[in-house]
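Structure first, then comments.
What follows is calculated from the coordinates using simple rules that are stated; it is not laboratory data. The shown structure was predicted, so the numbers you read here are calculated from the model rather than taken from an experiment. Positions of Cβ are backbone-derived with ideal geometry, glycine not excepted, and every protein chain shown enters the neighbour counts.
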Amino acid sequence: MIIRVQVPATTANLGPGFDCLGMALELHNVIEMVPTSRGLSIEVSGEGAADIPRDESNLVFQAARSLFRQVGFAMSGLRLRLLNQIPVARGLGSSTAAIVGGVIAANLLTGGKLSIRELINIASSIEGHQDNVVPAVLGGVVVSVQSDGEIKYLKIEPPNGLKGVVAVPDFALITKTSREIIPAQVPFQDAAFNVGRAALLVAALQQGDLGLLGVAMEDRLHQSFRSPLIPGLKKVLAAAKLAGARGVTLSGAGPSVIAFADSNFELIARVMGETFRQNGVKSRVMVLKPSPIGARALEVK
């Protein structure tokens with residue numbers, strides 16, 4: 001039996017929606033899983049091939065093993081092939097893609113016993129938060145919250161014509177490091193600022209009103225605290241807007257920056273890359289469509 005699962009990249013927060021908003025992007029990792037008689041074999045190609053572990057600490061394997069235990073499945077051996085397009089530790093959901101791919105492939109391998117909701121809960125418990133997980137599974141833009149151990153979520157179809165211009169710096173930023181720099185408490189007015197922006201952002205995306213994204217994607221809860229970790233961040237945000245981006249923000253925990261636009265994609269991309277370079281940071285820039293489709297099985301045979 002060969003299981004092949006494709007999982008999209010994701011961008012979380014979208015500015016003010018800290019830990020509750022995320023969007024899937026058309027950039028994918030493919031996980032191939034084959035049961036064997038014994039042992040563990042892992043091949044990795046593409047992004048992160050030099051650094052991703054090939055032993056039991058591998059995130060895809062850990063996610064799969066978690067599901068096997070959940071359903072009471074005894075796995076004698078496993079071969080994994082990971083074909084990665086998503087940059088590692090750049091704020092584009094590479095660890096989420098590994099976890100979601102491992103969980104979904106393992107579920108297919110064991111007969112598809114668990115529902116989408118159960119898979120989301122398992123993947124989120126491994127990841128630690130759900131804002132990347134749910135869009136990786138469902139596609140589109142997703143609002144999600146945790147409540148009494150359950151994840152409640154709603155999906156929004158991305159507005160027509162919207163694309164993300166993503167500048168990916170050539171240095172990694174581990175999510176844990178990026179989270180630790182955020183203070184435990186913030187002023188009440190900053191919390192109120194973000195609540196209003198997040199609500200406006202959801203309404204703007206739902207109605208396709210891209211003119212409101214500039215205001216709706218403003219943030220006071222995380223971006224300014226993370227700025228010192230990313231040279232030139234404030235200048236890149238400003239330059240993208242001047243070049244015609246509708247809204248621009250740190251992607252997830254960073255260091256990637258994503259600008260949402262419906263025109264001027266090449267200009268925005270060039271300006272973001274040049275501004276990073278002027279601040280001593282090499283980067284590559286991609287123009288990505290939102291992915292309306294989440295993780296899916298490419299092949300089960």
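Quick notes on this one:
- Share of pairwise Cα separations in segment 18-173, more than 21 Å, in percent: 46 percent
- Label-point gap, in nm, between E157 and I181 - each point 7 angstrom along Cα→Cβ: 3.9 nm
- Extending 7 Å from Cα along the Cβ direction at L40 and again at D190 yields two label points whose distance is 4.0 nm.
- Computed over segment 62-129, Cα set: Rg, Dmax in Å: 12.2, 35
- MRE, 222 nm, helices only [DSSP H, n ≥ 4, -39500 (n - 2.57), over the chain, to nearest 500]: -10500 deg cm²/dmol
- Orientation-averaged projected area, Cα convex hull of segment 162-219 (nm²): 5.5 nm²
- With respect to the chain, whose longest principal axis is taken over its alpha-carbon atoms, helix 94-109 is tilted by about 30°.
- Across K163/K282; K176/K301; K155/K282; K176/K241, pairs whose alpha-carbon gap is larger than 32 Å: K176/K301; K155/K282
- For segment 271-290 versus segment 1-62, the spacing of their alpha-carbon centroids is 24 Å.
- Kirkwood hydrodynamic radius of the chain, from the reciprocal of the average inverse Cα-Cα distance over all distinct pairs: 19.4 Å.
- Equivalent ellipsoid semi-axes, segment 163-288, via Cα gyration tensor eigenvalues times 5, rooted, Å: 22, 21, 11
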